[in-house]
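Presented below is the structure to which this report refers.
Computed from the coordinates by the stated procedures, all read-outs in this text should not be read as laboratory data. Here the structure is a predicted model, which is why all the values come from computation and not from measurement. FYI the Cβ positions are ideal-geometry reconstructions off the backbone, even for glycines, and counts take in every protein chain you see.
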Amino acid sequence: MQTIQNYINGTFEDPLSGDWLDNYCPANGEVYGKIPNSDQADVDKAYEAAKTAFPEWSETTLDHRSRLLLKIADLIETNLQRFAEAESQDNGKPVNLAKSIDIPRAASNFRFFAHAITQFSSESHESVGLNAINFTLRQPIGVVGCISPWNLPLYLFTWKIAPALAAGNCVIAKPSEITPLTAFLLSELCTEAGLPKGVLNIVHGLGKTTGQAIIEHPGIKAISFTGGTTTGAHIARTAAPLFKKLSLELGGKNPNIIFADCDYDAMLETTLRSSFSNQGQICLCGSRIFVETSIYEKFKADFVSKVKVLKVGHPSESGTNIGALVSQSHLEKVMTYIEEAPQEGGKILCGGHAVSVKGFENGYYLEPTVIEVATDTCKINQEEVFGPVVTIMPFETEDQVLDMANKVKYGLSATLWTNDLKRTMRLSKKLEAGIIWVNTWMLRDLRTPFGGMKSSGVGREGGFEALRFFTEAKNICIKY
Ligand code: NAD
């Protein structure tokens, strides 16, 4: 039995209330560990540790901070296999995916912000004729909260804490209660790297207890949150009267728009990836596929034949393309969307059923599913399913597809397949999404701003945007 503990003031601690939660392995449906369900008292304790550590940490040199973060990055890489297996055990994703994407990216997050902080500059303005000079200090905020989801556990956890620490803040972080293991392992590495006690505190537990205690805490001045839109709205309502700074990275229902003039083979391979990577549980997955009429039937046949041969299997088997969904309740939610789709004219072209994997019959497996929809406004085309399920439908004109692409409440990302530069620019300007990929998908450069419009969030992370978020700008005006 794996016991996960809170990491407060550099030590591992049980929850003060003695309340524990079961941790399930999605690949076999068995309980394999327990995690604290921390409450206000644990968060208060973490806050006191962070507040005490802040004066010294915020005054450390950039070189010192940078070296510590680089050390953590190196240690994550040294422990790649162990972390990848842990991530897979907790989340159900193929070990190979965790090994090639999730864990290396966690190391990159630390490495990137270790360097970025040394290049982060502020502005100065000479007020000519007034004999004054203005300059802006970028000061750390103090104690900040970082709350992350289960789909890319360590990847998104570190995406928040690395810039927060680099900017000189002390952090109270909460990973998802469904996937706490790699955040727990990370705490060990932080101690090994020499991170001073209290600088990073990790509290585990449910959103409604631990998360709620973080967002309500009056001393925690900023919250960086990634998760569902409903939770994001709740956090915004709770944080508003406390005047907390907020970064909200929320859900998506992203269009994948395919024009006949695209590079067809590259499009087909990438569309397979953008549809089903991580069992479709990535906020950026292109879950609504729109295809120009002239190639629609060909695409439908080619795509479905490729989807049918994707292997659903145990995450640690090397040939597995689709691992387990994260939980029983999530599997049931995704299944409900599939079952209801025919009521609005949806036609299931392939998949649609839970899968029993030999030897792991209680795991949460689902066939990759393609549904041809009759209208873009049906429920499965409007709501975030967050599973291995995509819809497809044809379009006639650019205006028509633009209208359909934008006619959802979300606005996270959009993918465009075309070789027409003028069309690329026309559509890129008009698509309501924070990230547009043209002839590619999920190509990430950590210097770029990342975030969504509409119900997909508020604010941008990534690059200097993240360092701006985690600092207060203070202008100083000196008359001479
Ligand atoms: P979720 O909103 O249920 O939970 C996210 C985190 O918030 C968890 O740690 C949870 O414990 C915590 N939480 C829940 N209630 C809370 C509360 N009242 N106060 C404080 N914290 C609370 O989301 P999830 O199911 O874990 O993740 C899936 C969602 O995340 C999807 O909607 C997906 O699109 C979104 N997501 C968005 C991005 C992005 O960058 N925009 C990236 C990944 C995932």
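Among K221, K160, K208, sorting on how many other beta-carbon atoms sit within 10 Å of each Cβ, with the fewest leading, yields K208, K221, K160. Only Cα pairs under 8 Å and 6+ residues apart enter the sum, and on that basis the relative contact order of segment 255-445 stands at 28 percent. Here segment 255-445 is treated as a Stokes sphere of Kirkwood radius computed over C-alpha pairs; at 10 °C and 1.306 mPa s its diffusion coefficient rounds to 94 µm²/s. Measuring r between the beta carbons of Q400 and T448 and using R0 = 25 Å, the FRET efficiency lands at 0.25. A dipole drawn for the chain from +1 and -1 charges on Cβ atoms has a positive end, and of V389, L366, Q40 the residue lying farthest that way is Q40. For the chain, adding -39500 (n - 2.57) for each run of n ≥ 4 DSSP H residues and dividing by the number of residues yields -11500 deg cm²/dmol at 222 nm.
Viscosity 1.567 mPa s, temperature 4 °C: Stokes-Einstein D of the chain from its Kirkwood Cα radius, in µm² per second? Rounded to a whole number, D works out at 56 µm²/s. Quick one: work out the % antiparallel among DSSP beta bridges in segment 255-445, nearest 5. Around 20 percent antiparallel, to the nearest 5.
Applying a threshold of 31 Å to the alpha-carbon distances of K298/K454; K300/K333; K71/K208; K298/K422 flags K298/K454; K71/K208 as lying beyond it.
Of the residues D263, D74, D102, the one with the fewest other Cβ atoms within 10 Å heads the list, and the complete ranking is D263, D74, D102. Within the chain, the selection of entire DSSP H helices by a Cα span of 27 Å or greater along the long axis and an average Kyte-Doolittle value of at least -0.5 returns an empty list.
One quarter of the convex hull surface built on the alpha carbon atoms of segment 3-87 amounts to 7.2 nm², the projected area averaged over directions.
Over the chain, Cα pairs under 8 Å with separation of 6+ residues give a relative contact order of 19 percent. Over segment 126-189, the pair-distance histogram of Cα-Cα distances with 5 Å bins from zero comes to 4, 16, 21, 17, 10, 7, 5, 5, 5, 4, 4, 1, 0 percent, rounded to whole numbers.
For the peptides 110-116, 252-258, the ranking by packing is 252-258, 110-116, with the highest mean count of neighbouring Cβ atoms within 10 Å listed first.
Remark: the chain carries a charge dipole of roughly 1020 debye about the Cα centre, counting +1 on each Lys and Arg Cβ and -1 on each Asp and Glu Cβ.
Beta bridges per DSSP, both residues in the chain: antiparallel share near 45 percent. Taking other Cβ atoms within 10 Å as a rough exposure proxy, W417, W20 sort from fewest to most as W20, W417. Positive-end ranking of T61, I289, L416 along the dipole of the chain, with charges on Cβ about the Cα centre, is headed by T61.
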